[in-house]
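*Asks:* Sharing a structure, written as structure tokens. Questions coming.
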Amino acid sequence: MESELPEYRESHVRSFLKALSWRVLATTTTAIIAWFITGDVSTAIAIGSIEFIAKFFIYYGHERAWQLVPRGTIRHIVHPEKV
């Protein structure tokens, strides 16, 4: 018998901090690639800036949307015999 996990929800602050830390890492990578391809630091920074802002909000929304899915739901869909 599988024990039920306690209901756990991440706070908005945790989702925000996760989005921020991931965006810093990912945007740095994007800017370096853009600089390598274009050879222009200004263009690389512009690309990185736009990418940071857009993807920050996309990631945060994605993270919050997953909070609407009860934990274990996917597991029960994939392995219904274990329910």
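*Asks:* Under the 0.36 nm per residue contour assumption, what length would be gained going from the current alpha-carbon distance of ILE32 and TRP66 to full extension? If you can, show how the numbers build up before the last one.
*Replies:* Values: separation 34, 0.36 × 34 = 12.24 nm, distance 3.04 nm.
Taking ILE32 through TRP66 to full extension adds about 9.2 nm, to one decimal.
*Asks:* Determine the equivalent ellipsoid of segment 12-82 by diagonalising the alpha-carbon gyration tensor, then write out the semi-axes as square roots of 5 times the eigenvalues, largest first, rounded to whole Å.
*Replies:* Values: eigenvalues 243, 39, 14 Å².
Values for segment 12-82, descending: 35, 14, 8 Å.
Readers should treat all values here as calculations from the given coordinates under stated rules, not as data from a laboratory. Quantities reported herein were computed from a predicted structural model and do not represent experimental measurements.
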